[in-house]
Amino acid sequence: MEKEKNLIGAHTSIAGGVFNAIYEANSLGANTLQIFTANQRQWRAKPISKEDAKKFIDAKKEKDIKKVVSHNSYLINLGSPKKDSLALSRKAFIEEIKRCHALEIDYLVFHPGSALTSTPDECLDTISESILSFESEIKKGKTKLLLETTAGQGSNVGYKFEHLEYIIKKVKHKVPLGVCLDTCHIFAAGYDIRTKKTWDNTIEEFDRVIGLKFINAFHVNDSKTDFNSRKDRHESIGKGKIGIDTFKFLMKEKNFQNVPKILETPNEDLWKDEIEILKNFVG
């Protein structure tokens, strides 16, 4: 398996212009990256200008970046039982799709949603209805939506593979979905991936419930908290409760060779080294 065929990167900053994220990723030795297309802690965001879009697309070609992932705003809750919040979330999501299309972004990752005062089943139905409402907008470009596995913190859904399968089954006839598998999140949610046997068991379970072809991206994170903690706390790879071996298993999986693997680890100063470590695990 050739190192250059593996897609390895990090979530880089758009400070000073969205195109700057490309140059930062390149400086880290990355050939893929993830960005926020706008301030993810604010509801309102400006559309991407034609000038910035061109700079971004040109920079992607110049630096030979293979895939780009966008992460949607943390404010959005597509499963909210509150009508006003749901309407605001759906509007913000559509605006994000438009920005992704303008930048020719490959994948848009989003957390499924939180039940709050509703039941998990009601939340999953509301999320499905929300995604279906994006059908006409998503068809205007090539960006694919990816459900992110969650840690199951609070009232978040998406911490069971069955949750994601339920949503995919509900919407796939109108809106094709993929999955972004976060190593920290699934570990915290109760999927043990620390040994080769438990890693294989988890991957086999995902394949049985959803199908490996739906894994279109990984978030590569160790975990500050223990197995089945249901807490979302990222740690640098090999420095948390998961341990370094899991990332060797991931990098050697031929099924995932061309799937973007994005670092969201907390110490940005280590990203260049972490990318090199992941590359070295391939050979």
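Each reported figure results from applying straightforward, stated rules to the coordinates on display, with no laboratory input. Remember, predicted model here, so these are calculated numbers, not experimental data. Because the Cβ atoms are built from the backbone with ideal geometry, glycine has one as well, and the counts that use them run over all protein chains shown.
Output the antiparallel fraction of DSSP beta bridges having both residues in the chain, as a percent to the nearest 5.
Counting only bridges with both partners in the chain, antiparallel ones make up about 10 percent.
Extension gain THR198-ILE244, at 0.36 nm per residue separation less the Cα-Cα distance, in nm?
Contour length minus Cα-Cα distance gives 15.1 nm.
Please list, in order along region 120-126, the HN-Hα scalar couplings obtained from phi with the Karplus expression 6.51 cos²θ - 1.76 cosθ + 1.60 (θ = phi - 60°), rounded to whole Hz, x for Gly and Pro.
For region 120-126, the Karplus-derived couplings read x, 5, 5, 5, 4, 5, 5 Hz, x marking Gly and Pro.
Which cross-chain or sequence-distant (5 or more) residues have an amide H under 5 Å from the amide H of ILE8, H modelled 1.01 Å from N in plane?
ASN31, THR32, LYS261
Which value at 222 nm does the chain reach when only helices count, each DSSP H run of 4 or more adding -39,500 (n - 2.57), with the total divided by all residues and rounded to the nearest 500 deg cm²/dmol?
-12000 deg cm²/dmol
Computed over the Cα atoms, what is the radius of gyration of region 3-282 divided by 2.2 N^0.38 Å, N being its residue count?
That ratio works out to 0.95.
Calculate the FRET efficiency for LYS172 and TYR74 from the Cβ-Cβ distance with a Förster distance of 25 Å, rounded to the nearest 0.05.
It comes out at approximately 0.45.
Longer than 23 Å from Cα to Cα, which of LYS61/LYS91; LYS55/LYS172; LYS197/LYS248; LYS67/LYS254; LYS213/LYS239; LYS142/LYS172 are they? Say none if no pair is.
Pairs exceeding 23 Å: LYS61/LYS91; LYS55/LYS172; LYS213/LYS239.
Calculated FRET efficiency, GLU135 and GLU104, Cβ-Cβ r, R0 25 Å, to nearest 0.05?
0.80
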